[in-house]
1. Just to be sure before I move on: is residue B:130 at pLDDT below 90 and open to solvent by 40 Å² or more (accessible area, probe 1.4 Å) in the structure I sent?
2. Looking at the stretch C:137-155 only, could you name the residues that are out of contact with any Ser or Thr (no Cβ under 9 Å at 6 or more places or on another chain), assigned to a helix (DSSP H, G or I) and within 14 Å of another protein chain (Cβ to nearest Cβ)?
3. Just checking, does the stretch A:341-355 include any residue being more than 13 Å from residue A:209 (Cα to Cα), within 12 Å of chain B (Cβ to nearest Cβ) and among the basic types (Lys, Arg)?
4. May I ask you to list the residues in the stretch B:13-47 that are touching a Leu at 6+ places or on another chain (Cβ under 8 Å), more than 14 Å from chain A (Cβ to nearest Cβ) and under 21 Å from residue C:302 (Cβ atoms)?
5. For residue A:87, all conditions in the list (1) within 25 Å of residue A:388 (Cβ to Cβ); (2) part of a loop (DSSP other than H, G, I, E, B); (3) out of contact with any Asp or Glu (no Cβ under 7 Å at 6 or more places or on another chain) hold save one; what is the number of the exception?
6. Got a sec? Which of A:399, A:329, A:388, A:394 is at pLDDT 95 or above, hydrophobic (A, V, I, L, M, F, W, C) and touching a strand residue (DSSP E or B) at 6+ places or on another chain (Cβ under 8 Å)?
7. Run residue A:144 past the list (1) more than 21 Å from residue A:101 (Cα to Cα); (2) hydrophobic (A, V, I, L, M, F, W, C); (3) part of a helix (DSSP H, G or I) and report the number of the one that doesn't hold.
Amino acid sequence: MTVPTATSRMILVVGGGISGITAALEAAECGQQVMLVEKTPTLGGRTSQLYRYFPKMCHPSCGLEINLKRLRGNPNVRVMTQTEVVAVEGKRGDYRVSLKLTPRYVTQNCTACGKCAEAVSAEIPDAFNYGLSRLKAAYLPHAMAYPQRYVIDPSIIATAEGQKAKAACPVNAIDLEMVEEQVEVNVGAIVWATGWRPYDANKIQPYGYDRFPNVITSLEFERLADPRGPTGGKLLRPSDGQPAKNIAFIQCAGSRDENHLRHCSRVCCMASLKQTQYVREAGGDGKSTIYYIDIRAIDRFEDFYQMVQADTTVSFVKSKVARIALNEANNNPILHGVDTEGYHRYANEHDLVVLAVGMEPEITGLLANGGLRADIVLDSSNFIEGCAGGALEAGMFGAGAAASPLDVNRSVQSATAASLKAIQVLHKVASSEVV
Amino acid sequence: MATNLQTPAPYHNNFLREVEERVEEGEWVKMCMQCGVCAGSCPFGPHWEHSPQKIFMMIRAGKREEVLTSDAMWMCTSCYNCVVRCPRQLPITHIMHGLASYAHRLGLVPKGQPTHEFATMFWNNLAKKGRVNELKLTLALYFKDGLVAGIKTVVLAKRLNPMEIFGGHAIKDLKGFQAIIAKAREIEDKKQGLTG
Amino acid sequence: MADNKFAAYICAGCGIGETLDVKSLEKIAQKEGKMALVKSHPFLCSEEGVKTIQDDIANESVTHICIAACSRRAKTEAFSFPGISTARANLREGVLWVVAAGAEHDEVRQEMAEDYVRMGCAEVKKMILPQGNPDKTQAKNILVVGGGMAGMTSAIEAAEAGYDVVLVEKSGALGGFAKQLWKRVPFSAPYSEAQPTGVEELAARVTAHPRIKLHLNSTLAETAGAPGRFMIKIAQESGGVSDITVGAIVQATGFTPYDVNKLPELGGGQPNVVDQAGLETLARTANGAAIQRADGKVVNSVIFLQCAGQRDDSGTHLSYCSGHCCATSIKQAMYFKDANPDVDTMILYQDLRVPGMGEDFYRSAQDKGVTFTKGKATKVAGNGHGCSVEFKDLILDELTTLNADLVVLATGQVSNAGVDLDKWTEVSTAAESGDASAKEEQQRLRTTSVLKMNYRQGPDLPQLKHGFADSHFICFPYETRRTGIYAAGPTRRPMDLDQAITDATGAALKAIQAVENAAAGRASLPRVGDLSYPIVRLEGCTQCKRCTVECPFGAIDEDERRFPQFNEQRCRRCGTCMGACPVRVISFENYSCDTVGMQIKAVNIPDEDEDKPRILILACENDAYPALDMAGLQRQVYSAYVRAVPIRCLGSVNTIWITDALNSGYDGVMMMGCKRGDDYQCHFVKGSEMAYYRMSKIGDTLTQMGLEPERVQTLEIAITDSVRVAGLINDYVKQIKEIGLSPMKGFG
């Protein structure tokens, strides 16, 4: 891989989700040079795994298409996938960043013709579908993957399968000898748009995500609803593949909870309200029940909440569900708790439970690896507040869900703002360097 | 101040403050966010009048008499399900016991409340000899519902040493123990404003 | 300018060479496509393949190329040749991957590929390399309207990036609503205490900044021009007017608290009932000591009523939630608790909405002894000493009446966005037809305008919902419908101070981007960087005004003779004007009635007896075309009888394309656009809507031609519809076969 030469006139954006893409493009369209690094093989991030957005019920892939078009047409942005930041040294205006490049085993020659996938029989869990389905070990991460190039999974590299893939490639794009590389780049400012990850539902023991097949996460439910997802868009129960008709949505699964995430993840109420409409659209006699503490449908989202409240297929129970038991006869989860409005005890059987899992900053992983500098200030939930030292020393900025649990719209705002902050650093460094 | 007759203004913080000051772990009550997970987690839930979360709301609403005469806190079996699950990490079990103890002190326990009766017997038993005479305690408990039922239960249980019925043994410094108890009660009463 | 030289390159890779007769495709490009140079390559996107093309450009003076390979969405970077007009014929995703396998389909597959080559060649023949708007602009400074927290932030953030700023504030001082606050909600860990607002510090920085020019006591008297050359008249209160030119505009005119007097049932208007703004005033007066009411009585008990006149589904008050008010009431309850922990403070809420780290602020208030009650107030009445509040406690499920010294109503934010353009259009249409009272009303409306734009489409930014000048798009919160003008802060959307600051910073960036784009003659979102712009042949214009009325971005004014006057820097290059023009005098250099029309005509229409229908698909380039592509990627199978043409927007579809297609013997037309209606998805606002409207009128034409109305179909296709779209195509082909092939064949 050719590694572009970066200078201190360049902005580094870490993370290729919608916040990172936005931060990179907004700066690039102001004429700045940007390097965008993403640790997975494709840009798009979490939003590309969502089926629809609230409140318009429009498709995230529509915005992704526009952003990818912006990217393809803009020579100011250099995209590096499968690249992670391992260390940052230096100061505002002059950071030296070590990047680790994980091999893709596929070169730029790849035309995405798909012959390698046809040749390979080994399968791996499909990360794009949160493991709800499997795909070939030579794969295109998803239909809108960018760059549009296949990936060879490391598990087949030293195997006959790997050789089969290589042999099948008509354009000699597979290079099984690729190795991990480390490069250092010099940048003036850094935007951390490392995003979020769903809170590990296994940790919420009373809900039995690890034990009950028909307890899934809200992210997995998005994949079920997507026509390009593992069930072709049908809302099927994992236990028996039957259509789910009576679905419970449990809010604050991990959020607003000092045993798990102390913050409110902001998006989950609206996400569940949106998902009730997937149930409605699926037709038939599907019903949704939302178990909640407070419905946080802020500003014009309130309209959406009122629309869902008027929907006869949806009911609301003000209650944090205490625990889930299993009806072993039919694998139905039984929800136990108390409706606090007037104190009504319930034991409600549903055929599918969707846990509205909270947003945990992905940066938590970087912290564990020691990859984050000490001068990045985090709040008590590990969201990036900023850079120590105040306005004159800050050259690193958090953007999007790395900075706060935000919805897409606000993440984009946040990323746009962070982009300007980065531009200011370059401007000031340049103007003080005027000979 | 005639504490046990006072009716606080509704939703004004007098009773909440009283609870904070006089009930063990009472200062946690204000931190409840009314999610209801405690109510749903309690194995005895179906049998009581008010759930912990409701009790906490009632405290905030100044429903002093209703709270202190509720049977809710007497039903707690200390399973700690609520404490483990509470998203605000409230020591709910302790608060419930604290409320029970406070109600007892104020003489506001519902009449015939079985847990209270057991607790009283337990306490009297303990206070007398400095240790619990399980047999006497259990007999007292079982016979409270009548002689026949009691005998049946005891005989079936076959788990107690019948010899303990004859006096039972005390701890070594029984007088000292009783003095400690008396002093502790005095200090506690003073702290809670029940005396002095 | 050098002569045009056309070349076609046909890729034989990805299985194209094995499945299609590439030699025959070459021949078609040469003979029918009239390409001067035709080459095929086994792997065109390889370094070597691309070099072949580059060499021809350098050595053979090739200026226009048609690449017949994969979709225009694939290998875009490899096939990007600066200064060269390029068309892409989609043989891979459009033919190879979607036509059923097997020898029995060889003929139709090959015909489809041949047609796409013909179409690519026809398109590139009509393409002109966009030169960029010759009317380059110079102004790179930014006008910020409004000197509150958002406005000051936009100003300082743009200035700090090296751009000059003009800040216009209608009052005599900076600070806006935030200046009225005693303290603000915390923005950073530990999120437990109210914080100083920082307004004075920011105002001082703004005032002292050498790049910021301040106009206090001033408002806008007129906004004319376009990005890069907005001509602004600033009217001073004293009566003076100054003219300035700016490159872009940020409108940060804030909000007005909902009028409490409209809430008599909640005690609005009574002496011991205040709104949150009123409470801030009391807190500032108290300056950290015990808060007193207006009558001087120290407040010992206070009740905050959340959602006062908000989240109202009766249609009387605000239906939305203003988002900040829960945290604001928490902060205000702390004012009392911090001064005296013995004050009873209760917050009566239905859903406590403190997202993110607001949860910590909520905890902190609970810890301070603020009581939270889930309930709904039904009545607030004044009594001798204070107020009585009647409410239902939803947890205890009972009605209660409670007395308090003071009641604070958490009312909502009403945007100061200016004139509602729907209203404006209604009034101005009536005024144009001579209605005298409408003319008066129009004048009156104009005085309430913030920007006083002289655009045909009205004097202010279009409002999205509830009076807020927001973007319609989730992914693009700054995708404004007036190029180069960005709303920020609570004018755009209800929000708190923290969000307003972020929002204003983002808006400053967009303003900077707008001036840079205008200076380079480039389009902004969504066709970022597009250098083409509408060119009009005024001598053919009939002054029908359709283009001026239908332009979704207000880019076209009318001159004194009622000719359209294009403001290219406002234009977003959707082509709605081109679609609207009945005499087809509007076009873009690389996208015109001809570039598409010639593609339609290039398709070979088989004779009726061959029983091979031809169906034209006009597919929106952002949603439907990618959906078709992805159908290919997933190897969905659809009929080889369709010919798809990507278009910028359904709004750009000129009915001539449809009538020409039907005249020349096409059997049907599928127009694929995005979702219309309130939740429209069209990034050009009304494209899909316009197409439906225009096609609803085409019925007569079809009847005159003796054609069935089913021959033109308008569809909503989402980008995720890759499976569905294949089904729709196949169903339509079946339907067309049932109706029978077009009787027009052979007449074209």
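The values are calculated or read from the model by the stated rules, or taken from the named source; none is laboratory data. Everything quoted here is computed from the prediction, not taken from an experiment. Note that each Cβ is placed from the backbone with ideal geometry, even for glycine, and that neighbours are counted across all protein chains shown. Remember, those area values only see protein heavy atoms, side chains included, never the ligands or the DNA or RNA. Shrake-Rupley method; radii C 1.70, N 1.55, O 1.52, S 1.80 Å.
1. For residue B:130, the condition - at pLDDT below 90 and open to solvent by 40 Å² or more (accessible area, probe 1.4 Å) - is not met.
2. Correct list: C:155 only.
3. Yes, the stretch A:341-355 has at least one match.
4. B:29, B:30
5. (2)
6. Criteria check complete, one pass: A:399.
7. The number of the failed condition is (3).
Table: residues versus (1) free of Cβ contacts under 8 Å to residues at least 40 places away in the same chain; (2) within 15 Å of residue C:649 (Cα to Cα); (3) not aliphatic (A, V, I, L, M).
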| position | (1), (2), (3) |
| --- | --- |
| C:524 | no, no, yes |
| C:527 | no, yes, yes |
| C:542 | no, no, yes |
| C:554 | no, no, yes |
| C:559 | yes, no, yes |
| C:563 | yes, no, yes |
| C:570 | no, no, yes |
| C:579 | no, yes, yes |
| C:593 | no, yes, yes |
